[in-house]
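Please treat every number below as a calculation from the coordinates, not as lab data. Worth saying up front: this structure is predicted, and the values here are computed from it rather than measured. We place every Cβ from the backbone using ideal geometry, glycine too, and count neighbours over all the protein chains shown.
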Amino acid sequence: MSARNTILDKLRRNRVPREDDYELPPVKILGDLDKSIERFEKSLQLMGGEVLPQRDGQTIEDVVRARFPNTTSICSAVPEVEGTLKITDLKTHEQSNEVDVMVVRSPFGIAEMGSIFLSEVELFDHLADVHLAQHLVVLLSREELTANMHTAYRERSEFKTAFYGVLMSGPSATADIQGVLIRGAQGVRTLSLIWTS
Amino acid sequence: MSNKPVKHAQAAAEFLEDDPHRLFHDERLWDMRQKRDQQMHGMPEWQELRDRASRIKEHTLANLPTYLEQFEENARRNGIHVHWARDGAEHNRIVAEIMGKHDAKSLIKSKSMITDECEMREYLEPRGITVTETDLGERIQQLDHQLPSHVVVPAVQKLTGDVAKIFAKYYGTDPNIKDPHELAEAQREAARPVLLSGDTGMTGGNFIVAETGGFVVCTNEGNADLSSNLPNVHIATLGIERLVPRVEDLGVFVRLLSRSALGSPITQYTTHFRGPRKGGEMHVILVDNGRSDRLAMPQFWSSLKCIRCGACMNTCPVYRRSGGQSYGSVYSGPIGAIIDPTFNAKKFSTLPFASTMNGSCSNVCPVEINIHEQIYDWRRVLAEKHDIPFVKREIMKMAGRLLAQPRLYRVSIEGTEVALKTMPRFVLYNYLNPWGKHRELPHPVKETFNSWYRKNRLKTSTKKEHESA
């Protein structure tokens, strides 16, 4: 018998818990339903992310350049930012590994966690490249916030359509050496957010 | 695998000899527990979340074959190659076969307990495949040839100086580095070229979703998203118990996982894989390795609800003071004590005794596993199977006879008080009394409760009863 059938057969015959005794609880939306910008920003900052203010007369490109004044490498996946190259120009991972600042747009954010979502759609299939960059700048519309994890999975169809969908909550981090929290482990060192309408 | 019982108490005693390690370990884990409490107190719905998490898992386990088939069908439709492995050896063979087809030699891994459980590195490395752990803690343990100490923080038993020495040996960094930032940076620098040149990526999976045919990986360092997306081939090793029925169930579990583990609201990365990326290839290996047997054990099947958050380890006074290495197993702490004996009852027969039975593990468990009750049940099972040491077994038998007979008990207690007062230390503190190894026996009392009660209360209460009658 194949491994598959051996396992399934064993589970069918021998398992102690039986269908009728354990009903699936219906889905329920729990927790705080506040989806304000303030809550999102507070959560993002707790996770080590930052919010970049946009002053009157500044373009988004200006905001990015003001945050990273010395960089010579800005890779853009959004029409709002010209940068020094486009994400679709990246041909090899070695080339992507040289990218200093990556700019992307997230389709939605989760206020409870300060999380932003990215999938193959926003990344133009350059899935690894966004994590190879040193710094990440995320554009997010103020209109695209959901309250918490329950509402996110209820409202956002991306979880059922994307083949790769990552919720990033701040930059990469580790506390594996003597409990010291280090922001900027192996993925992006910083994650900054710029609001758009 | 050696069958000799793990000498937990002895290994723990060795761990306790060094004050800096002992104190840091205890404080660090307790700090994680306190951060978890802070998160919990900020969420009035916490208990309801735990209850739902437990019920969803119980339902899934009761319907496991159906949901596994549903997952398989949906995953295949998404273009994922689905494999099944009865045990670790079969899993390892499948990995080698997939890599062989691509003539692949370098496997870059993010952290997954189940591949440690399958002893995959030990199988692949002699076959010419380089396996590189890319999670910082797991990499430290790999370089030091040790099992992970903890399911979430694998190298928590080490101090900065230990890591500096290991990195100096393998990465050529300064052995005297004092700043963990410098060491984390050294890991980033060392991992990048390996990540960029690796030909196969591997992850585990925290949750499998039957409804979508996808799975979710929760990590912090960013190494899993690099390991899975850089090479053309991504293999995910998934324990069959990790299923949930619906995408919306993830809301419950993601809200509980990192809060219970580290006291952070969510992991930095919560990655949903549902199919291969453009031009890539994705394999999923569904691993049984004893899980179907565990699901057939009336007292122990619910341990399969575990989501590997490590909260039970952080809260356990025995784990905090003995260190993960002393358990001699991939899974340590209270959860290890109840699942390790299902892999090897003889080898891990000592672990259910590494508990004070305080029940804290059950109280913090986000999926409400009755861990301490299962620890107790394991003791009974092991005693019946004679898988506990002779001295412990005989003393327990004597204690059983004694406690069953009140008169005999009273006489012997009075005798004990005399003994505690009069006997020399070498009689009281010897190998028959492991309890006294690190503890002082209680001070003898002047009078037992029973004799005091007979003198002061029994007569008056009989008198009162007499009067009222």
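Points worth noting:
- Annotation: of all residues in segment A:46-78 being of a type in the set (K, R) and either in contact (Cβ under 8 Å) with a residue 24 or more places away in the chain or surrounded by 13 or more Cβ atoms within 10 Å (Cβ to Cβ) (or both), the one that is nearest to B:P265 (Cα to Cα) is A:R67.
- Qualifying residues in segment B:308-321 (those that are in contact with a Cys (Cβ under 9 Å, 6 or more places away or on another chain) and part of a loop (DSSP other than H, G, I, E, B)) - the one nearest to B:R33 (Cα to Cα): B:C316
- Considering (1) hydrophobic (A, V, I, L, M, F, W, C); (2) farther than 26 Å from B:Q70 by Cβ; (3) in a loop (DSSP other than H, G, I, E, B), the lone condition that B:V247 does not fulfil carries the number (2).
- Hits in segment A:87-135 - residues which are at the interface with another protein chain (Cβ under 9 Å from one of its Cβ atoms), hydrophobic (A, V, I, L, M, F, W, C) and part of a loop (DSSP other than H, G, I, E, B): A:M113, A:L127, A:A128
- Within segment B:250-268, if we keep just the residues that are among the small types (G, A, S) and not in a helix (DSSP H, G or I), the residue that is surrounded by the fewest Cβ atoms within 10 Å (Cβ to Cβ) turns out to be B:G263.
- Here segment B:271-298 is the region considered, the condition is being touching a helix residue (DSSP H, G or I) at 6+ places or on another chain (Cβ under 8 Å) and of a type in the set (A, V, I, L, M), and the residue that is surrounded by the fewest Cβ atoms within 10 Å (Cβ to Cβ) is B:A296.
- Top-ranked residue in segment B:226-244 [being farther than 27 Å from B:E69 by Cα and facing chain A (nearest Cβ under 8 Å); ranked as nearest to the chain's Cα centre (by Cα)]: B:L226
- Being surrounded by 16 or more Cβ atoms within 10 Å (Cβ to Cβ), in a helix (DSSP H, G or I) and free of Cβ contacts under 8 Å to residues at least 24 places away in the same chain holds for only one residue in B:Q141, B:Q70, and it is B:Q141.
- Within segment B:153-185, being under 16 Å from A:I182 (Cβ atoms) and either touching a strand residue (DSSP E or B) at 6+ places or on another chain (Cβ under 6 Å) or away from chain A (no Cβ under 12 Å) (or both) holds for B:T173, B:H181, B:A184.
- Listed conditions (1) crowded, with 24+ Cβ neighbours inside 10 Å; (2) among the hydrophobic types (A, V, I, L, M, F, W, C); (3) closer than 17 Å to B:L304 by Cβ are all met by B:L351, apart from (3).
- Residues that are at the interface with chain B (Cβ under 7 Å from one of its Cβ atoms), under 14 Å from A:L44 (Cβ atoms) and of a type in the set (G, A, S), drawn from segment A:148-197: A:S169, A:G170, A:A173
- Exactly one residue out of A:S43, A:S2 is crowded, with 17+ Cβ neighbours inside 10 Å and among the polar types (S, T, N, Q), and it is A:S43.
- Check on B:I56, assigned to a helix (DSSP H, G or I) and touching a helix residue (DSSP H, G or I) at 6+ places or on another chain (Cβ under 6 Å): yes
- Taking segment A:3-81 as the region of interest, the helices (runs of 4 or more DSSP H) fully inside it that hold 2 or more residues being within 14 Å of chain B (Cβ to nearest Cβ) are A:3-14, A:37-46.
- Qualifying residues in segment B:387-416 (those that are touching a residue at least 12 places away in the same chain (Cβ under 8 Å) and part of a loop (DSSP other than H, G, I, E, B)) - the one farthest from B:H443 (Cα to Cα): B:D387
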